[in-house]
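*Asks:* What follows is a structure written as structure tokens; I'll ask about it next.
The values are calculated or read from the model by the stated rules, or taken from the named source; none is laboratory data. Predicted model, so just to flag it, every value in this text is computed and none were measured. All Cβ positions, glycine included, derive from the backbone under ideal geometry; neighbour counts span all protein chains shown. When the accessible area is computed, the model is the full protein with side chains, heavy atoms only, and any ligands, DNA or RNA have been set aside. Shrake-Rupley method; radii C 1.70, N 1.55, O 1.52, S 1.80 Å.
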Amino acid sequence: MTETTHHRICPLCEACCGLEIKTRGNQVISIRGHDADVFSAGYICPKGVALKDLHEDPDRLRKPLIKRDGVFVEATWDEAYAEIERRLLPILAAHGRNAAGVVVGNPSAHKIGLLTYFGKLARALGTKNVFSASTLDQMPKQLASGLMFGHWLSVALPDIARTDYLLVLGANPLASNGSMWTVPDFKGKAKALQARGGKLVVIDPRRTETAAMADAHHFIRPGADVFLLAAMVHTLFAEKLVSLGTVSEWVVGVDAVQQAVAPFTPEAVATRCGISADTIRSLARTLASTPRAAVYGRIGTCTQQYGTLASWLIDVLNTLTGHLDVPGGMLFAKSAAFGQNTAGNPANKPGVGKGVSTGRHHARVSGAPEVYGELPMTCLSEEIETPGEGQIKALFTVATNPVLSSPDGPRLAKALDTLEFMVSMDIYLNETTRHADVILPGVSPLEDLHYDVAFPQLSWRNHARYSPPVFERAPDQPEEWQTMLKLAAIVQGKGAAVDANALDDAQFAEDAQRLFGQHADAVIAATARYKGPQRSLDMALRAGPYGDQFGLKTDGLNLAKVMASNHAGGIDLGELQPRIPEMLRTPSGKVELAPPSLLQDLQRAAQDVRGLAPDLVIIGRRDVRTNNSWMHNLPILAKGPFRCTALVHPQDAARLGLQDGAMASLHNGPRSVRAQVHISDEMMPGVVSLPHGWGHDLPGAQLQVAAERPGANLNALLDDQLRDPLSGNAVLGGVAITMTAAI
Ligand SMILES: Nc1nc2c(c(=O)[nH]1)N[C@H]1C(S)=C(S)[C@@H](COP(=O)(O)OP(=O)(O)OC[C@H]3O[C@@H](n4cnc5c(=O)[nH]c(N)nc54)[C@H](O)[C@@H]3O)O[C@H]1N2
Ligand SMILES: Nc1nc2c(c(=O)[nH]1)N[C@H]1C(S)=C(S)[C@@H](COP(=O)(O)OP(=O)(O)OC[C@H]3O[C@@H](n4cnc5c(=O)[nH]c(N)nc54)[C@H](O)[C@@H]3O)O[C@H]1N2
Ligand code: SF4
Ligand SMILES: [Mo]
């Protein structure tokens, strides 16, 4: 049989690397980086290679499962849809639309079918009970960026190829490969920065892989970033270092920021941060005096009680030091399709917009405000448990495993058992989907077409890349967008027999009408060769900032051209460029440096400046061979040293009587887990690190490889009541624990 070479973007993490995949028949022979890829230039990590194991994993589901008398049995797709219709509709009829909840997880961000069609299911359900991994992750950054720049995905990105100083807080891109910043081969780019005389500085409670290669690393007490950042802003004003540079006429709120940070002198915050006042001043001065400099913060700065404030202050620093919207500083990507901050469609006017707002509705039990259409994930258990109007009785989970990935997973597991009905779209029978009544499997990534909807909006360089499926899917296996449309039709009472393609045609026509009005028919005709997400993609590319405007601009982009560039590694659209004011979508048409809700929340921080540090707190950790909770079943990644260890500083180990390699019990109130101790001076004294996504020893899951070394579930230790009040994001780090040697 002949060998075929395919080029495919890796869908496993935000780096979006281009892969070269060789196949013979239906066998994967090899996976390596695609050297010609215009964006990732051959870079790859071990997870990319593991796509072969994922494709071949015997535990990966290939047929729908229906639970009958407590046991899962294989079913046809028609049987599964019929079961959902039969069980779900009476619940909606009896208890109303809010009786259904939907939870969508991280892999959906990497699937065009799930990302562009999930909203259709949520809208068809008409429920307020929509949850996602965003509130375990980046919602603070999205809210802060939305308030400042006008859209949830208008996130400023370090121009790493041209900067001379990069300050990184709460991110470890050497393990995570970058987040809210699509930057394959961060290490290579950081080394190039250092080679041209630039500096990388890391602020992290652990001396991470990224910190180890940095020019300087400062430990910080978990959760204290807001104090450090506010004191740096304070220093800029106190030492007259504020200089807005090219964006000065487009920024409002500078005076209000100056007033708001007045209490945060470096001396006032030093103990709280564990960083000296001199160091804080010096960080601020270096940032101000380096012409090309950038500050980047990620999950460590989000998953804490001041997550939105910290995310905001990072961009306040970038702005006040003249680094916003300049080469070598922080720039905004201009994505070829689906960007809400590009002219794109006629309704989307450059420079001003609706901005963002929160609290259009509230969680029933806690009263937490809606943010970006969602309620906090940490409200899910109580919304299922608490009786009354609007109680969740039926749940859809889509590509998510919250029993492991959300705080107080054991509580959620119990709550899921009380549901009247649960449907999971997932590729595994795992810790969460074992609670479902019906599981609908997605395709293998190698059987799926791919275009990144979200990540080009967060990319270090502009690009457009499309991957066709490597293998054909089984004849009866639907694509995930089709499943989503079927579910949407069922909950609308249109019947399980409805034709998903016909529904899609009708909905596309509606979208075209809404966006293009009198030109809708021409748009429908121009994109008629495609269906499903491909058709939406063609429309978005053609109407987008580089688009062919449906034939008006002959040298512009369309899907056919992007497809044709697949083997050449995609289409490079150049370095990021300054985009203010055109990219703004705030009602004022300005960068809002001082959103009132943030100034108000800063007072909460001001009252906590002298807060005492607990003796021991816990934080998370990522390893390059893991991906949240779901890749521990792949042999190539699972081999090697055991990774789910609790890192403890030698002083803490001595104080607590812990031995290297021995087991310890970790306690947080009534919650406890056991984990293996690894003594390491990588840790800041008083801080323990345990990775999340482990704990594969729960009965009923079908993950043979993962179960061999299950590890401990960090989220069994965390409380689901701690949140950043503005964004609803969970607090996943800096939580006080106690630790004892296990007997
Ligand atoms: N303590 C602590 N907890 C954390 C974090 C932390 O740092 N510390 N990080 C948080 C973050 S950032 C995130 S994003 C969340 C992630 O949490 P989740 O969004 O729940 O994601 P995963 O745990 O990765 O689970 C992904 C699920 O999707 C399934 N899946 C994989 N591919 C596909 C597919 O193609 N189709 C379908 N239908 N399903 C698929 C997998 O089998 C798995 O069940 O975890 C959060 N939890
Ligand atoms: N290999 C691998 N890659 C991944 C993932 C994975 O699970 N495995 N998950 C993906 C996902 S969903 C995401 S969201 C991204 C996340 O990408 P990153 O944000 O880079 O994630 P981490 O590697 O967890 O780095 C967070 C860092 O914050 C530090 N930290 C903890 N608390 C604090 C604090 O209070 N302040 C400061 N300054 N630092 C703190 C931690 O020690 C850690 O080094 O990674 C993605 N990529
Ligand atoms: S860094 Fe690894 S997992 Fe992430 S996209 Fe690249 S190859 Fe895939
Ligand atoms: Mo994430």
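*Asks:* Where the second residue is charged (D, E, K, R) and the first is part of a loop (DSSP other than H, G, I, E, B) and lies in region 273-290, which pairs have Cβ atoms under 6 Å and are six or more apart or on separate chains?
*Replies:* Hits for this filter: Gly274/Arg221; Thr290/Asp164.
*Asks:* Here is a list: Asp572, Asp608, Asp555. Which entry is in a loop (DSSP other than H, G, I, E, B) and open to solvent by 50 Å² or more (accessible area, probe 1.4 Å)?
*Replies:* Testing whether each residue is in a loop (DSSP other than H, G, I, E, B) and open to solvent by 50 Å² or more (accessible area, probe 1.4 Å) leaves just Asp555.
*Asks:* I need every pair where a residue in region 529-547 that is open to solvent by less than 30 Å² (accessible area, probe 1.4 Å) has its Cβ under 7 Å from the Cβ of a residue that is charged (D, E, K, R) and part of a helix (DSSP H, G or I), sequence separation at least 6 or different chains.
*Replies:* Close Cβ pairs (under 7 Å, with a partner that is charged (D, E, K, R) and part of a helix (DSSP H, G or I)) amount to Tyr530/Asp538; Gly532/Asp504.
*Asks:* So, one more: Just to check your reading of the model, which residue among Gly48, Gly42 is outside any loop (DSSP other than H, G, I, E, B) and either without any contact (Cβ under 8 Å) to a residue 40 or more places away in the chain or away from ligand 3 (no atom under 15 Å from the Cβ) (or both)?
*Replies:* Gly48
*Asks:* Oh, and also: Report yes if Ala502 is assigned to a loop (DSSP other than H, G, I, E, B), open to solvent by 20 Å² or more (accessible area, probe 1.4 Å) and over 28 Å from Met180 (Cα atoms), otherwise no.
*Replies:* no
*Asks:* Does region 252-272 hold any residues that are out of contact with any helix residue (DSSP H, G or I) (no Cβ under 8 Å at 6 or more places or on another chain), assigned to a helix (DSSP H, G or I) and of a type in the set (Val, Ile, Thr), and which are they?
*Replies:* Thr271
*Asks:* Further question on the same structure: From Ala80, Ala15, Ala50, Ala75, which residue is surrounded by 14 or more Cβ atoms within 10 Å (Cβ to Cβ), within 15 Å of ligand 1 (Cβ to nearest atom) and closer than 25 Å to Gly101 by Cα?
*Replies:* Criteria check complete, one pass: Ala80.
*Asks:* Restricting to region 84-142, and then to whatever is more than 16 Å from ligand 1 (Cβ to nearest atom) and without any contact (Cβ under 8 Å) to a residue 60 or more places away in the chain, can you tell me which residue is least open to solvent (accessible area, probe 1.4 Å)?
*Replies:* Checked region 84-142; the qualifying residue least open to solvent (accessible area, probe 1.4 Å) is Thr127.
*Asks:* Could you tell me which of the residues Ala496, Ala506, Ala454 is out of contact with any Asp or Glu (no Cβ under 7 Å at 6 or more places or on another chain) and modelled with pLDDT under 95?
*Replies:* Ala506
*Asks:* If you don't mind, another one. Looking at region 483-491, is at least one residue in a helix (DSSP H, G or I), touching a strand residue (DSSP E or B) at 6+ places or on another chain (Cβ under 7 Å) and among the polar types (S, T, N, Q)?
*Replies:* Looking for residues that are in a helix (DSSP H, G or I), touching a strand residue (DSSP E or B) at 6+ places or on another chain (Cβ under 7 Å) and among the polar types (S, T, N, Q), one finds at least one in region 483-491, hence yes.
*Asks:* Leu656 passes all but one of (1) buried (at least 23 other Cβ atoms within 10 Å of the Cβ); (2) over 27 Å from the mean Cα position of the chain (by Cα); which number fails?
*Replies:* Going through the list (1) buried (at least 23 other Cβ atoms within 10 Å of the Cβ); (2) over 27 Å from the mean Cα position of the chain (by Cα), Leu656 breaks only (1).
*Asks:* Is it the case that region 431-451 has a residue that's of a type in the set (A, V, I, L, M, F, W, C), touching an Asp or Glu at 6+ places or on another chain (Cβ under 6 Å) and open to solvent by 10 Å² or more (accessible area, probe 1.4 Å)?
*Replies:* No, because not a single residue in region 431-451 is of a type in the set (A, V, I, L, M, F, W, C), touching an Asp or Glu at 6+ places or on another chain (Cβ under 6 Å) and open to solvent by 10 Å² or more (accessible area, probe 1.4 Å).
*Asks:* If you don't mind, there's one more thing I want to ask. Say whether the condition of being open to solvent by 10 Å² or more (accessible area, probe 1.4 Å), modelled with pLDDT of 95 or more and within 12 Å of Gly300 (Cβ to Cβ) is met by at least one residue in region 184-201.
*Replies:* no
*Asks:* Now, a different point. Are any of the residues in region 252-259 within 16 Å of ligand 2 (Cβ to nearest atom) and either open to solvent by 10 Å² or more (accessible area, probe 1.4 Å) or closer than 30 Å to Ala736 by Cα (or both)?
*Replies:* no
*Asks:* Looking at region 217-251, which of its residues are away from ligand 2 (no atom under 14 Å from the Cβ), open to solvent by 10 Å² or more (accessible area, probe 1.4 Å) and not in a loop (DSSP other than H, G, I, E, B)?
*Replies:* The answer is His234, Phe237, Ala238, Gly245, Thr246, Ser248, Glu249, Trp250, Val251.
*Asks:* Please go through region 93-115 and give me each residue that is in contact with a Leu (Cβ under 8 Å, 6 or more places away or on another chain) and farther than 23 Å from Ala474 by Cβ, ordered by number.
*Replies:* Arg97, Ala99, Ala100, Gly101, Val102, Val103, Val104, Ala109
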